[in-house]
Amino acid sequence: MDYADTYNHILERLITHAREGTTDSAEGITRMPADYYLDPDIWQREVDNIFKRLPLLLGFTSELRDSGQYKAVKIMGVPVIMIRSKDGRVRAFLNACRHRGAAVLKEGTGKCARMVCPYHAWAYNDRGVLVTVNDAPKFGDLDTEGEGLTELPCAERAGLIFVGLTPGYETDIDAYLGGMLPELESLEIAHWELCATQSLTTANWKMAHDGYVDGYHIASLHPTTIGAFSQSNVLTFDAWGPHQRIGFAHHNILDVAEQAPADRTLNDGLTVIRTVFPNISLAVQHGSGGLISQLYPGPEPGTSITIQNFLAPKKPETPEEEQMLKMQTDMLYAVVRDEDYATVDTVQEGLQSGAIPDVLFGKSELGNQRLHDWIAHYSEDQPDPANRPNP
């Protein structure tokens with residue numbers, strides 16, 4: 001995929017919008033009832049039918065480059081191990097020993113030849129096969145054939161590791177990502193390094209997600225941060241199924257328009273945000289890394305957790321580079337915490353109070369309208385492919 005062509009295509013559309021005072025738009029205004037964000041039954045369907053079924057980004061190639069490297073996480077109460085096997089493939093398992101259910105590996109990253117449960121020292125190889133029952137003669141006869149770790153659906157694409165949280169519920173990752181896959185591959189994330197992670201909490205996960213696909217609030221909510229370089233409401237929207245690519249025009253875009261295409265870099269005049277359904281935002285620059293955010297429902301409808309991941313072509317190697325990374329991560333953390341999520345928390349409070357019966361999404365909030373169409377589709381117990389939302 002020639003990303004230069006893609007960049008210039010987005011840029012030219014944004015230049016036209018900036019000159020004409022327009023933006024990519026939906027056909028009309030939509031409304032969502034306040035209960036959509038509050039109702040425990042709606043929230044439970046989202047957890048069960050979206051987050052427990054669809055592929056979720058749980059790791060990066062850079063975390064598991066070598067055989068035996070693993071990452072153990074707990075996502076919405078589900079303990080997961082990802083490990084690169086000797087055959088080069090990343091596999092995922094429930095992090096629960098088949099003996100008593102104890103966590104086989106502590107949360108975090110590391111490297112091991114075998115995964116050994118700390119409780120009774122049962123050991124599993126990098127394919128999850130039970131290879132050692134401690135003090136086996138005293139334990140009794142046990143056919144170890146079916147006693148390996150429970151495997152989860154897992155796929156590695158474009159430097160990203162996707163895992164399904166329900167054993168046996170397979171999704172064709174290539175079909176699921178569709179046209180977003182070559183877009184992700186063009187970023188070369190597989191060659192980047194994960195340099196830092198940090199987490200935040202806020203209100204309902206959909207309230208948080210709304211801000212990631214919304215360019216209407218930049219000038220009002222981020223006047224001295226993001227709004228210092230990016231315009232509000234001058235946007236392009238492209239979609240591949242539930243996944244979106246949003247172009248944001250910079251204030252200097254008309255100056256960039258005067259440059260010959262050959263003189264532009266691939267990040268001049270615009271910011272591109274990509275979202276991978278249901279919960280990933282990639283605020284990254286082509287060739288230089290950036291922020292990849294994971295949004296998860298919290299333990300109840302009114303809470304969510306966001307993990308910020310900072311990736312770059314290489315890890316910091318000097319004190320100056322370490323300091324620069326810290327400045328960047330602190331700044332983005334503060335913007336999201338003090339500007340975005342502080343406001344999202346008031347949305348939660350306002351809707352819970354009954355202050356308004358519904359929320360509105362305008363024509364220019366096309367990303368939000370698409371997001372919620374797809375949430376409704378995948379929240380169904382048996383989504384009908386014939387009723388997939390239109391792009």
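What follows is calculated from the coordinates using simple rules that are stated; it is not laboratory data. For clarity, every value in this text was computed on a predicted model and none was experimentally measured. For neighbour counting, all protein chains shown are included, and Cβ atoms are generated from backbone atoms with ideal geometry for every residue, glycine included.
Assorted remarks:
- Rounded to whole Hz, the Karplus (6.51, -1.76, 1.60) HN-Hα couplings of segment 226-235, x for glycine and proline: 5, x, 5, 10, 10, 7, 8, 6, 10, 9
- Between H209, H377, H99, the Gaussian network model of the chain with springs among Cα atoms under 10 angstrom shows the greatest mean-square fluctuation at H99.
- Neighbourhood charge, 11 Å Cβ-Cβ cut-off, centred on L181 and excluding it, Lys, Arg +1 and Asp, Glu -1: -2
- Formal net charge of residues neighbouring G289 (Cβ-Cβ distance under 10 Å; K, R +1; D, E -1): -1
- Scalar couplings 3J(HN,Hα) for segment 347-354, obtained by applying the Karplus form with A = 6.51, B = -1.76, C = 1.60 to θ = phi - 60°, are 4, 4, 4, x, 5, 5, 6, x Hz; x denotes Gly and Pro.
- Residue by residue, segment 242-259 carries 3J(HN,Hα) couplings of x, 9, 10, 10, 10, x, 10, 6, 7, 4, 8, 5, 6, 5, 4, 4, 7, 7 Hz when phi is fed to the Karplus relation 6.51 cos²θ - 1.76 cosθ + 1.60 (θ = phi - 60°); x denotes Gly or Pro.
- Sum of side-chain charges, T30 neighbourhood, beta-carbon under 10 Å (Lys, Arg +1; Asp, Glu -1): -2
- Relative contact order (%) - the chain, alpha-carbon pairs under 8 angstrom, separation at least six: 22
- Cβ-Cβ FRET estimate between D384 and M76, R0 fixed at 25 Å, reported to 0.05: 0.45
- Helix-only [θ]222 nm of the chain, DSSP H runs n ≥ 4, -39500 (n - 2.57) each, per residue, nearest 500: -7000 deg cm²/dmol
- Residues whose placed amide H lies under 5 Å from that of V359, excluding near-sequence neighbours: M32, A34
- For the chain, C112, C154, C195 stand unpaired, since no other cysteine beta carbon lies under 4.7 Å from theirs.
- Residues whose amide H comes within less than 5 Å of that of L235, counting only those at least five positions distant or on another chain, are D24 (H built at 1.01 Å from N in the peptide plane).
- Extension gain, L360 to E147, is 71.5 nm, computed as 0.36 nm per intervening residue step minus the present C-alpha separation.
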